[in-house]
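Colleague: Sharing a structure with you now.
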Amino acid sequence: PSPDLLSLYQPPLEALLVVTDVFRASATILSALYHGARSVRPVATEEEAQSYLNQPQYLVAAERNALRCDFAPLGNDPEEYTPEIVRGKHVVLTTTNGTRSIDMALQLGYRNLCVGSFGNLSRLVRHILSKDYPEVMVIAAGWKGTVCAEDTLFAAALYERIAKECTVSSSENIATEPDCPLTYNDALLFPLEAYRLHRDDLCSYTSRFEHYQRLERLGRLATIPVCLEEDRYPVLPYWHASGVLQSL
Ligand code: MLT
């Protein structure tokens, strides 16, 4: 679901919430940690991000409406987060939808929270299969309360990979085996069908949709294949009680 619907679904507090914002906050967080940042602190507001300026151990990154905020040295392009820039640093990040989604989940009391995207798909699947979460829910950040196709396609990709690992047939009968722990509803079945049709060329497929086109208008197309590349950043940003995401 979108973060706004989380309180309606009410998964148990022990559930794993996988927050995804494929274009681009998830890839940015993955890139920062993969390239050596010690942590990423997601903050909901620009004011909070600004309060970390002038503290040398922090790198402040901020984006609104897909543009870097003027006060911040870093924006929301995963390619900005090179080892030279982020190694050993704590990143403070605020974005339009991605960090807001994390904040909403935390406010509802969820603490088993991680960031997922195509870039850490295998790492995430390994983690899920090695644990015994009562439920795993993908929180699709979307855009200001509306669905973004790429986020729900990622939920479908995750489902497909877990189903495969569970050696469940990926035919029409997926998840009908009595001992299969996977379930889905229309919200997942719909993107699952699209994912199966377009998985080999998600760049072209996502070009039909809103946020791709927004990034294109802003001259940010180079980021699309980076955000969609499977296992480009094999780290798992996981919530830590100190208020940051760290590689698990
Ligand atoms: C967001 O959090 O809304 C996004 O990652 C937007 C973007 O910068 O592409």
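The values are calculated or read from the model by the stated rules, or taken from the named source; none is laboratory data. Since this is a predicted model, take the numbers as computed values, not measurements. All Cβ positions, glycine included, derive from the backbone under ideal geometry; neighbour counts span all protein chains shown.
Colleague: Select from the stretch 70-91 the residues that are more than 13 Å from S31 (Cβ to Cβ) and either buried (at least 21 other Cβ atoms within 10 Å of the Cβ) or in contact with a helix residue (DSSP H, G or I) (Cβ under 7 Å, 6 or more places away or on another chain) (or both) and list them in ascending order.
Modeller: F71, A72
Colleague: For the stretch 29-39, state whether one or more residues are surrounded by 24 or more Cβ atoms within 10 Å (Cβ to Cβ) and β-branched (V, I, T).
Modeller: Checked the stretch 29-39: at least one residue is surrounded by 24 or more Cβ atoms within 10 Å (Cβ to Cβ) and β-branched (V, I, T).
Colleague: With respect to T96, determine if the residue is touching a helix residue (DSSP H, G or I) at 6+ places or on another chain (Cβ under 9 Å) and more than 15 Å from the ligand (Cβ to nearest atom).
Modeller: The answer is no for T96.
Colleague: For the stretch 45-70, name all the residues that are within 16 Å of the ligand (Cβ to nearest atom) and either assigned to a loop (DSSP other than H, G, I, E, B) or at pLDDT below 95 (or both).
Modeller: T45, N65, A66, C69, D70
Colleague: Under 6 Å by Cβ, and 6 or more places apart or on different chains, what pairs join a residue from the stretch 1-25 that is of a type in the set (S, T, N, Q) with one that is assigned to a helix (DSSP H, G or I) and surrounded by 15 or more Cβ atoms within 10 Å (Cβ to Cβ)?
Modeller: T20/S26; T20/D151; T20/F154
Colleague: Hey, another quick one. Please go through the stretch 40-49 and pick out each residue that is in contact (Cβ under 8 Å) with a residue 40 or more places away in the chain and surrounded by fewer than 20 Cβ atoms within 10 Å (Cβ to Cβ).
Modeller: Across the stretch 40-49, the qualifying residues are A44, T45, E46, E48.
Colleague: May I pose another question? In the stretch 126-145, which residue that is over 20 Å from P11 (Cβ atoms) and in contact (Cβ under 8 Å) with a residue 12 or more places away in the chain is nearest to the ligand (Cβ to nearest atom)?
Modeller: Step by step, filter the stretch 126-145, then rank; the result is W143.
Colleague: Looking at the stretch 74-83 only, could you name the residues that are assigned to a loop (DSSP other than H, G, I, E, B) and within 16 Å of the ligand (Cβ to nearest atom)?
Modeller: Result: G75, N76, D77, Y81.
Colleague: Let me ask something else. Test of understanding: among V60, V22, which residue is closer than 23 Å to S122 by Cβ and either crowded, with 17+ Cβ neighbours inside 10 Å or not hydroxyl-bearing (S, T, Y) (or both)?
Modeller: One residue alone meets the criteria, V22.
Colleague: Which one of these is of a type in the set (S, T, N, Q), surrounded by 22 or more Cβ atoms within 10 Å (Cβ to Cβ) and touching an Asp or Glu at 6+ places or on another chain (Cβ under 8 Å): T94, T99, T152?
Modeller: One residue alone meets the criteria, T94.
Colleague: Also: Go through Y238, Y205, Y212 for me and flag whichever is in a helix (DSSP H, G or I), away from the ligand (no atom under 16 Å from the Cβ) and at pLDDT 95 or above.
Modeller: Only one candidate qualifies: Y205.
Colleague: Looking at the stretch 13-27 only, could you name the residues that are in contact with a Gly (Cβ under 8 Å, 6 or more places away or on another chain) and either more than 8 Å from the ligand (Cβ to nearest atom) or in a helix (DSSP H, G or I) (or both)?
Modeller: L13, V18, V19, T20, A25, S26, A27
Colleague: Return the residues of the stretch 84-93 that are away from the ligand (no atom under 16 Å from the Cβ) and among the β-branched types (V, I, T); say none if nothing qualifies.
Modeller: Matches in the stretch 84-93: I85, V86.
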